[in-house]
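**Q** Pasting a structure here, questions to come.
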Amino acid sequence: MKRLRMNHVSWLRATVAIVFATCAFAAFAGCASPKVEVEQSQVQSDFEATEQSLIADGVFVQSPYVDNDDYALTAFDVSDSHVADDGANVFNAKATFENSAFRTTMDVVATYAKDGDSYVPNFETSNVSTKAISGIVYDPPGHVGLV
């Protein structure tokens, strides 16, 4: 009987040692994973600053029938952030811009490539959708009119 007890204790010690080693390895592996260094607030601020290029690229609607006032970023929701194999910080987000006439939503992939001690952003947009949120304000001269 004593011998069975001894084997049971040895088995228990071995199991505890294996569990401890597995946990230590998992903790070490987790520490070794690269961490996203760019703050989400920085991504939002940088993307908000792209308004003029989004207008120039035709992403934002401009119309002769409404006031084309400035667009403002009203929502920026990051759904995922990770470090790519090349070390870039990558963010997936949904953004909403509005002015007095239109609301535009889009998916955004923000990639921050490491350049020395800093990161350089690059933004790609897709699934752009614009909805009118006000009616016609102007009927430009020479326009045939609305039927």
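**Q** Semi-axes, largest first, in whole Å: what does sqrt of 5 times each Cα gyration tensor eigenvalue give for region 60-126? Intermediate values should be presented prior to the final figure.
**A** Details: eigenvalues 185, 30, 15 Å².
Output for region 60-126: semi-axes of 30, 12, 9 Å.
**Q** Kindly sort PHE91, PHE123, PHE102 by accessible area of their heavy atoms, largest first, with the probe set to 1.4 Å. Walk me through the numbers on the way to the answer.
**A** Values: PHE91 5, PHE123 45, PHE102 25 Å².
Solvent-accessible surface, decreasing: PHE123, PHE102, PHE91.
**Q** Give me the one-decimal nm value for the distance between modelled label points at ASP70 and ALA113, 7 Å along each residue's Cα-to-Cβ direction.
**A** According to this spin-label approximation, the distance is 3.0 nm.
**Q** Assuming 0.36 nm per residue, please report the length gained on full extension of the stretch VAL137 to VAL36 beyond their Cα-Cα distance. Before the final figure, lay out the partial values.
**A** Working: separation 101, 0.36 × 101 = 36.36 nm, distance 4.59 nm.
Result: 31.8 nm gained on full extension.
**Q** Considering only protein heavy atoms and a probe of 1.4 Å, how much of the accessible area of region 47-113 is carbon and sulfur, as a whole percent?
**A** Values: 1460 of 3100 Å².
About 47 percent, which is the carbon plus sulfur part of the accessible surface.
The values are calculated or read from the model by the stated rules, or taken from the named source; none is laboratory data. A quick note: this is a predicted structure, and the numbers were derived from the prediction, not measured. Ideal geometry is used to build each Cβ from the backbone, glycine not excepted, and the neighbour counts take in all protein chains shown. Accessible surface areas use protein heavy atoms only, side chains included; no ligands, DNA or RNA. Shrake-Rupley method; radii C 1.70, N 1.55, O 1.52, S 1.80 Å.
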